1. From the list 41, 30, which one is at pLDDT below 95 and surrounded by 13 or more Cβ atoms within 10 Å (Cβ to Cβ)?
2. Does region 9-19 contain any residue that is modelled with pLDDT under 95, outside any strand (DSSP E or B), in contact with a helix residue (DSSP H, G or I) (Cβ under 9 Å, 6 or more places away or on another chain) and over 20 Å from residue 125 (Cβ atoms)?
3. Pick out, from region 70-129, the strands (runs of 3 or more DSSP E) lying fully within it that include 2 or more residues that are within 16 Å of residue 59 (Cα to Cα).
4. Across region 44-61, what is the total count of residues that are exposed (fewer than 11 other Cβ atoms within 10 Å of the Cβ) and more than 21 Å from residue 108 (Cα to Cα)?
5. Yes or no: residue 57 under 20 Å from residue 127 (Cβ atoms), assigned to a strand (DSSP E or B) and under 11 Å from the mean Cα position of the chain (by Cα)?
6. May I ask you to list the residues in region 91-113 that are under 17 Å from the mean Cα position of the chain (by Cα) and more than 23 Å from residue 129 (Cα to Cα)?
């Protein structure tokens, strides 16, 4: 009986810890009206305006991260059963952009990945509302 109680308490503690981690990565709204997620201690804001994708990079203190030094920046778009890859172009001071053939539809998933000059890999996931 004692083992059953310990096992139950352990599972409950793990569940609470898992919920806490999930809440720490919730999407917030950014200063430009887009969704913001934390990725490796940095913030990535995603704004979709028609067929244009915009990603805004800031550090943990919300200071701009220069996008001109970012490497391997790509956006994967998963929509209507298809996945497409789009290279991101730097737009000063801390923005990355891509132009899609057509606007995103609601529910489309976008994954942005890039490497910062210091070598830190960043990946952020978004769902278009």
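1. Exactly one residue qualifies, and that residue is 30.
2. Within region 9-19, not a single residue is modelled with pLDDT under 95, outside any strand (DSSP E or B), in contact with a helix residue (DSSP H, G or I) (Cβ under 9 Å, 6 or more places away or on another chain) and over 20 Å from residue 125 (Cβ atoms).
3. Passing ranges, in order: 95-99, 109-115, 121-127.
4. Result for region 44-61: 2.
5. When the stated conditions are applied, residue 57 passes them.
6. Matches in region 91-113: 94 only.
The values are calculated or read from the model by the stated rules, or taken from the named source; none is laboratory data. The model shown is predicted, which means the values in this text are computed figures rather than measured ones. For neighbour counting, all protein chains shown are included, and Cβ atoms are generated from backbone atoms with ideal geometry for every residue, glycine included.
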